[in-house]
Structures are given as C-alpha cells and as structure tokens.
Amino acid sequence: MLIKPDPATPAGGAIIDLADLMDGLQERTGEWPGADTVDIVEGWLHRFSFAVEENLTPQVTGRAWVLRQWDRHDDDVTLWSDEASALASLAQHVRSSWDDVAGEDGVPFRPPADDRRAVDLFYESREDIEGYTLYDADISRCVLAPRNPSLSDAEECAEANSAAVFHAMRGPDDEGLPCMEIAGILVFAYLDADRRAVRVSVHLDTTDEQLVRADSTLPLLVEIGDATVFDNLTPPAPAQPTGWTARFRRLTRRTALSSGGKCRQGGGLTTPRKILLFYIGGVRMAPSVTHVTGTVAGGVEVRFTQDGIAVCRFRLTETPTQWDATAQKWRDLEPIPYVCTAWRDLASNAAESLVDGVSVLVKGRVTGVKDDSIYLSVDDLGISLRRRIAYTETSLPSPIAARPVTAPPAPQPAAASRPSTGRPGSPPAWWEQKRSANWS
C-alpha cells in the first residue's frame, strides 16, 4: 500500500520537498550521484527532530537504609526498611566474629548487649581490616505520567492509579505524616493522639487541572466500609451491585494481608462511632444518613442504662430488587442484613410496636460493618403501610391503647354521643362507613 504524503503537515511537506530535490538532481545529472545525494539527504534530515519525548516524572516512592560491609575479600551492599533492622543484622555479624577482637585495646571478652555499642567497639579495633557504612536514601522511580488524565477514560485512570505514590514518615521525629499522592491529590491517614482517633484528611489544592470541573469543584466520592460519607457527584453514584459483602471483604482482606497482618474473623472492618474522623480540605465530614426499608427479623431486645435510659436493638433484612430486562420482571438481589440500635423514647416505642415480620422504614447513620451485617444508629423509624394497616392511639381509641402524648384539648360543649357498635377495642361506626364508601 502506497503512502501519500499530506502537504498540509510538516512531515508531508518535507517528504514532497525531498522528492522534488531528488527529481531535480536526476534531471541535471541523469542519475543520483552518491556525493550529491548525501548532501541533499543530510540537509533534509536536519529538518527533523528524532528525540524521544517521554513524559517521565521522577517520583520518590519511599526510603531505604543502605548497608555496605567490606573487608579484604568482599564488598556487599544490602537494603533495609529501617535503621534498627540494618543495625541488628550488622550486630549479629559482629558478635559471630567477636573472638577476633576480644581482649584487644580494652575490648571486653563478651560483646555488649547494645547493638550499636557492640558494632562501634568491633569496627574501631578492625579499622584497617574491615568496615561498614549505613545511611538512608530515597527510593525513586520514573513513571510515564498519563497525558491529560480523564475520569471518563478507564485506561487513563488505570495509568494514574499505577503512578500513585506513598510518602512514609522517615521516623518518629519526622514532622510529616504518612500520605498517598495520586493525580495531585494528597490523602493523609494517621493516628491522632490528641483526638484519640484514626484521622483521614484529603487535600485538593494541588489536584491536576484536568480533573477539576467547570465550577472549580472536584467530583469526589468517599466511602468508609459500605457507607458513603461524602458524595458530590451529579447524578449520584449508582447503588452497589449484588455481592457487595464479598467485594468489600476481599478488599479488606487484601489490604490487611498485604502488610503481613492477619485478617480478623469474618474479614470485617469495624468502625466504632466517633472513632473515625474524616476531613476533606480541612472540613470535618459527619457519617452519612441513610434510609432503609426492610423487615424485622426476630424480637426487639431492650436494656436500660444505669441512668434509666432505654436502649433497644433489633435486626433488619433489606432485599433490594433489580429490573431484569431479559426476563421482563423484577428480581430480588442478595439480602442485606442490618443491626439497628435506638435510644430513649424511640427505643421504648420500638419495643412496644415492632414484632417479627413487620416491614419498617428506618432513618439512621451507619456506624460500622461487622460479621456480615451493617450497624445502624437509628434516628427515626416507622412501620411501612405497604402491606398492612397500623393504628395509632388517636386513629383507633381502645381501652388498652396508650394515652396520647398530645396535650388534652380545651373543654368543648357537650355533644351528642356517637352510637357505638361492636365490642370494646373494635373500630367505631364511622370507620366502617368510610371503608364501605371507599373513603369518599
């Protein structure tokens, strides 16, 4: 297949110019003499740049301690994650060779228990025979930074994620904090002794401009476990698909095991209330409020604190649904279990009102994920009227109903009593009349 140069482009114009020069040379000489051809091609090649432009960005990914040990026969270099580990390895070598210096120039016959003291005594006596150097150095890498990363391009997002860098503290005396940097965004996660909390802080001042929206804001979604604590996406992020528990368990287990730790039973992450503080741009974010519709499973457990405050706990199961376009019907997804806790009057009312199998609407805040259940601190709840009728003290008077909490009405003139039908506790006559008339 022949390539047709485009005269509108610099490369295409240069190719056409070279062809004209070679045609002119052939017309003058009847051939392409070697010397003349070299002169033409040499000048023509100078019009091009063959430098490879790689968008390589040097990044400091961490620090390591470099230990060099040398003697008359060997010169070894090893890397260590911290100074104490390197020094311990060096002290082990020193103690194994202590007989070479024991009793010389005030050196004790037994090596000191302190690693640094043992190393100093040994190498002072072997100064001209062997030695060591130990220092810390940055670990750097050059990565190909993504060009104009876009949140809508999966490949560019993957490149930006692979270029993320973790900045660790150099030691307990370092004034910095552990931080992850990605696309100019700085995420600090550390233990805050002053607040007695695990603190997470997100700083957006240096965010790559390509990620910033026209209104100077950054599309941001922050999650803790299964709870969304911050979401400024438009439209809101879609709900988690089925299999949410397995997905987050895998992420939790992978994160825990990658640092050599052991995953706790169940693989869950527990986030106690008021223990995790989340900051975005210096603003503290509160746990998000969520609304759940589900069915009560089992009875309601009630306890009282030493101050007489009622506390109740009950289990809830929510079964989300999804439209199946193939089968043209709604299908149930994996049930989501909840453990709900309510306090004070709400706890007392819930204990009197809720039984196994009742559908309820719950408004609360996610406080943690543990043992395959989401824990909710309930702010308010109500019984769902989708499949049943719920009577209140005012809608259905009864001798056994609790006294209404509203203030008693002002005295009114005596009125003719409404005829009562049925046994005590049954609906009044007007109730049946309204129902038969379809509440018209």
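The values are calculated or read from the model by the stated rules, or taken from the named source; none is laboratory data. On a predicted model such as this, the values are computed, not experimentally measured, just so you know. Counting neighbours? That spans all protein chains shown, and the Cβs are built from the backbone with ideal geometry, glycine included. Side chains included, ligands, DNA and RNA excluded: accessible areas come from the protein's heavy atoms. Shrake-Rupley method; radii C 1.70, N 1.55, O 1.52, S 1.80 Å.
No other residue among 186, 211, 204 is in contact with a Cys (Cβ under 6 Å, 6 or more places away or on another chain) and within 17 Å of residue 230 (Cβ to Cβ) apart from 186. Show the residue pairs that are 6+ apart or on different chains and have beta-carbon atoms under 8 Å apart, the first residue being within the stretch 156-179 and closer than 16 Å to residue 140 by Cα and without any contact (Cβ under 8 Å) to a residue 24 or more places away in the chain, the second being aliphatic (A, V, I, L, M) and in a loop (DSSP other than H, G, I, E, B). Pairs found: 169/177.
Among the residues of the stretch 124-131, is there at least one that is open to solvent by 70 Å² or more (accessible area, probe 1.4 Å) and among the basic types (Lys, Arg)? No, the stretch 124-131 contains no residue that is open to solvent by 70 Å² or more (accessible area, probe 1.4 Å) and among the basic types (Lys, Arg). Of all residue pairs spaced 6 or more apart or on separate chains, those with beta-carbon atoms under 6 Å, a first member in the stretch 197-213 that is within 16 Å of residue 150 (Cα to Cα) and a second member that is open to solvent by 80 Å² or more (accessible area, probe 1.4 Å) are 210/148.
Yes/no matrix, rows are residues, columns are (1) closer than 21 Å to residue 157 by Cα; (2) surrounded by 15 or more Cβ atoms within 10 Å (Cβ to Cβ); (3) among the small types (Gly, Ala, Ser); (4) at pLDDT below 90:
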site: 187; (1), (2), (3), (4): yes, yes, no, no
site: 191; (1), (2), (3), (4): no, no, no, no
site: 194; (1), (2), (3), (4): no, no, no, yes
site: 203; (1), (2), (3), (4): yes, yes, no, yes
site: 206; (1), (2), (3), (4): yes, no, no, yes
site: 211; (1), (2), (3), (4): yes, yes, no, yes
site: 216; (1), (2), (3), (4): yes, no, yes, yes
site: 220; (1), (2), (3), (4): yes, yes, no, yes
site: 227; (1), (2), (3), (4): no, yes, yes, yes
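Of the residues making up the stretch 84-120, those that are of a type in the set (Val, Ile, Thr) and in a loop (DSSP other than H, G, I, E, B) are 101, 107. Test residue 182 against the criterion of being exposed (fewer than 14 other Cβ atoms within 10 Å of the Cβ) and either over 30 Å from residue 364 (Cα atoms) or at pLDDT 85 or above (or both), and give yes or no. Considered against the rule, which asks whether it is exposed (fewer than 14 other Cβ atoms within 10 Å of the Cβ) and either over 30 Å from residue 364 (Cα atoms) or at pLDDT 85 or above (or both), residue 182 comes out as no. Take the conditions (1) open to solvent by 50 Å² or more (accessible area, probe 1.4 Å); (2) more than 30 Å from residue 212 (Cβ to Cβ); (3) of a type in the set (A, V, I, L, M, F, W, C); residue 137 misses just one of them, which is (1).
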